[in-house]
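See structure below.
The values are calculated or read from the model by the stated rules, or taken from the named source; none is laboratory data. Owing to the predicted nature of the structure, the values given are computational and were not obtained by experimental measurement. Backbone-built Cβ (ideal geometry, glycine too); neighbour counts: all protein chains shown. Quick note on the areas: whole protein, heavy atoms, side chains included, nothing else; ligands and nucleic acids left out. Shrake-Rupley method; radii C 1.70, N 1.55, O 1.52, S 1.80 Å.
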Amino acid sequence: VTGRDRSALIGSDFATNFPSPDLARAGYQKAFTEGFITNYALAIRHTSGAVTDVLYNATVYRDTKGEIAGVFAAARDVTDRKRVERALVQQTQRLELVLSASGLGLWDWDLITRQTVFDERYSQMLGFHLADLEPTTIETWQGLTHPDDLARVRQAIDDHQAGLTPDYNTEYRMRHRDGNWVWI
């Protein structure tokens with residue numbers, strides 16, 4: 001990962017292999033002070049200039065007198081994870097932009113935990129702040145749905161879950177904070 005020969009690494013200053021040597025030194029000092037360090041974020045520089053994001057872990061080991069005999073250290077390459085995290089942030093920002101521009105609100109229902117997630121716009125469509133509706137559950141959603149629409153909506157959900165319809169798509173009324181009914 002450094003591009004340096006093993007013989008060149010042995011006995012060298014560990015920190016010189018990192019774009020931020022002070023951060024690297026702080027990491028191994030913490031390992032010596034606390035006896036270990038876990039998932040310490042660093043970047044290792046290759047001789048070519050390429051940088052690899054890593055999580056550094058180290059444990060001090062001691063001899064029978066309790067004196068430090070050495071350190072076992074390992075760095076796990078997290079480059080792919082960082083790339084995926086950046087892509088997820090970009091996709092989330094795009095979704096947020098699409099939802100915002102379209103004026104749509106979003107809610108999601110986890111069928112196993114029965115937990116529902118409303119976004120702020122969905123709450124605002126009903127005259128609430130998101131915090132007013134939390135914690136959100138399916139019962140929160142049902143409590144806001146017009147009683148005359150609930151059986152039909154539940155049937156549409158059941159039909160979709162049973163594979164009878166390709167999509168869940170229905171219109172129904174929900175109670176606005178001011179007591180009026182809003183079509184969703």
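Computed values, structure above
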{"item": "Count of region 23-81 residues which are open to solvent by 60 Å² or more (accessible area, probe 1.4 Å), of a type in the set (V, I, T) and under 27 Å from the mean Cα position of the chain (by Cα)", "result": "2"}
{"item": "Hits in region 149-184 - residues which are open to solvent by 80 Å² or more (accessible area, probe 1.4 Å), touching a residue at least 12 places away in the same chain (Cβ under 8 Å) and not in a loop (DSSP other than H, G, I, E, B)", "result": "R152, Q161, R175, W181, W183"}
{"item": "Residues satisfying the stated conditions in region 90-101, i.e. open to solvent by less than 80 Å² (accessible area, probe 1.4 Å) and either of a type outside the set (S, T, Y) or in contact with a Gly (Cβ under 9 Å, 6 or more places away or on another chain) (or both)", "result": "L99"}
{"item": "Unmet criterion (only one of (1) at pLDDT 95 or above; (2) out of contact with any strand residue (DSSP E or B) (no Cβ under 7 Å at 6 or more places or on another chain)) for T38", "result": "(2)"}
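Condition check ((1) out of contact with any Asp or Glu (no Cβ under 8 Å at 6 or more places or on another chain); (2) modelled with pLDDT of 95 or more; (3) not charged (D, E, K, R)) across all residues:
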{"position": "Y61", "(1), (2), (3)": "yes, no, yes"}
{"position": "E67", "(1), (2), (3)": "yes, no, no"}
{"position": "V71", "(1), (2), (3)": "yes, no, yes"}
{"position": "A75", "(1), (2), (3)": "yes, no, yes"}
{"position": "V78", "(1), (2), (3)": "no, yes, yes"}
{"position": "R83", "(1), (2), (3)": "yes, no, no"}
{"position": "L88", "(1), (2), (3)": "yes, yes, yes"}
{"position": "Q91", "(1), (2), (3)": "yes, yes, yes"}
{"position": "V98", "(1), (2), (3)": "yes, no, yes"}
